[in-house]
Amino acid sequence: MSIQTLLQVNDLVVDYPGKGFRAAPFRALDGVSIEIGAGETLGLVGESGSGKTTLGRAILGLAPVTKGRIQFEGEDIGSASGKKRRSLSKDIQVVFQDPYTSLNPSMEVGDILAEPLIVQGRSRIEARARIVELLEQVALPKDALHRLPRDFSGGQRQRIAIARALALSPKLIVCDEPVSALDLSTQARVLDLFLDIQQATGVAYLFVSHDLDVVRHISHRVAVMYRGEIVEQGDALPVTTTPRHPYTRRLLLASPVPDPDRQASRRAERKALATAEATTATL
Ligand SMILES: Nc1ncnc2c1ncn2[C@@H]1O[C@H](COP(=O)(O)OP(=O)(O)OP(=O)(O)O)[C@@H](O)[C@H]1O
Ligand SMILES: [Mg+2]
């Protein structure tokens, strides 16, 4: 890789404990390997339940690492805890899907943005200066400081969540479906904001989405997850336009197109692929 590797995940296995007495554990990730360079975006696509959020959570230290290795800047962080995790939170941040539940509804925006700064030991005055900068960076008005999350639209709330993630100038942000809850035109604007921020700060993203059009737009490389495994990864354009794996082709065909004739032929092709897969599976 020409750019400096920031995050490296090797053969990661995540088992969730089974529910109930003697229940077998559930293997949510099964030998996942990915790499993200400094300033790079890796798009992660896959259907619901394929393990995308679990991979993000494992990187954030929120899902159990059963086997395998997670390295950040060459250091093993798979089992980091306590003090080490707190210091990692400067470097690795997160933006979640739902802008309505990810912000504390009773806190003013200024306090939401100040929190990570104060926790890391900045003074109130330093925090205040940084917050003004952050609001500008995500194109929110200065008077947002004294308002509550409920005073903002979904897209604006996501801007607040992005500002909060940026507060400590992280090197990597795990973005878990950050535009999926937004309408199409808002999606496009928030995606452009992610791109602008990357240009300005050099932050890297692990960008989770079930939408191939979204990941194509934002990613340098794309990894495709299917039932806890990465089935295909490579440069964004070939993976999202001429995928090699039948599952990725099915994902591609599942995204809606405006033309009804094309839509019908894609549906037929998708069916044929699914049948072919089922036949192979029973062989
Ligand atoms: N805490 C948990 N305990 C047990 N099983 C879990 C837990 N979290 C997730 N799972 C299971 O692990 C699998 C992967 O879940 P995950 O949330 O990572 O999928 P996803 O790809 O993010 O899906 P979606 O697109 O719906 O967000 C699913 O089968 C899910 O039911
Ligand atoms: Mg998820």
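The values are calculated or read from the model by the stated rules, or taken from the named source; none is laboratory data. Bear in mind that the values here come from a model prediction, so they are computed numbers and not experimental data. As a convention, Cβ positions derive from the backbone with ideal geometry for all residues, glycine included, and neighbour counts pool all protein chains shown. Keep in mind that these areas ignore ligands, DNA and RNA; they rest on the heavy atoms of the full protein, side chains included. Shrake-Rupley method; radii C 1.70, N 1.55, O 1.52, S 1.80 Å.
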Exercise for the section: At a Cα cut-off below 26 Å, give the lysines reachable from LYS171, other chains included and same-chain residues fewer than 8 away excluded. Expected result: LYS52, LYS67, LYS83, LYS84, LYS90, LYS142
Problem - Long-range HN-HN contacts of ILE77 with modeled amide H, under 5 Å - result: ILE70, GLN71, PHE72
Practice task
Run the 1.4 Å probe and let me know the accessible area of TYR226, rounded to the nearest 10 Å².
Solution key: 50 Å²
Practice task
For the chain, list log₁₀ I(q)/I(0) at each q in 0.07, 0.09, 0.10 Å⁻¹, using the Debye formula over Cα point scatterers of equal strength and ignoring solvent, two decimals each.
Solution key: -0.28, -0.47, -0.58
Practice task
With +1 on each Lys and Arg Cβ and -1 on each Asp and Glu Cβ, and nothing else charged, work out how big the dipole of the range 1-87 is about its Cα centre, in Debye to the nearest 20.
Solution key: 540 debye
Exercise for the section: Can you tell me the 0 to 90 degree angle between the C-alpha axis of helix 184-201 and the longest principal axis of the chain, rounded to 10? Expected result: 60 degrees
Problem - Lys, Arg +1 and Asp, Glu -1 on Cβ, resulting dipole of the range 103-167 about Cα centre, debye, nearest 20 - result: 60 debye
Problem - 0 to 90° range, to nearest 10: angle between helix 154-166 axis and the chain longest Cα axis - result: 70 degrees
Fill in the blank from the handout: Rounded to the nearest 10 degrees, the helix 109-119 long axis (Cα) sits at an angle to the longest Cα principal axis of the chain of 90 degrees
Exercise for the section: Grab the other residues whose beta carbon is less than 11 angstrom from that of GLY155, score K and R as +1, D and E as -1, and report the net. Expected result: +2
Problem - Phi to ³J(HN,Hα) by Karplus 6.51 cos²θ - 1.76 cosθ + 1.60 over the range 54-64, Hz, x for Gly, Pro - result: 4, 5, x, 5, 5, 5, 7, x, 10, 10, x
Problem - Share of carbon and sulfur in the accessible heavy-atom surface of the chain [1.4 Å probe, %] - result: 52 percent
Exercise for the section: Using all C-alpha to C-alpha distances in the range 103-167, build P(r) with 10 Å bins and read off the rounded percent in each one. Expected result: 25, 61, 14, 0
Handout entry: the range 100-118-the range 176-222 distance, computed between alpha-carbon centres (Å)
Key = 22 Å
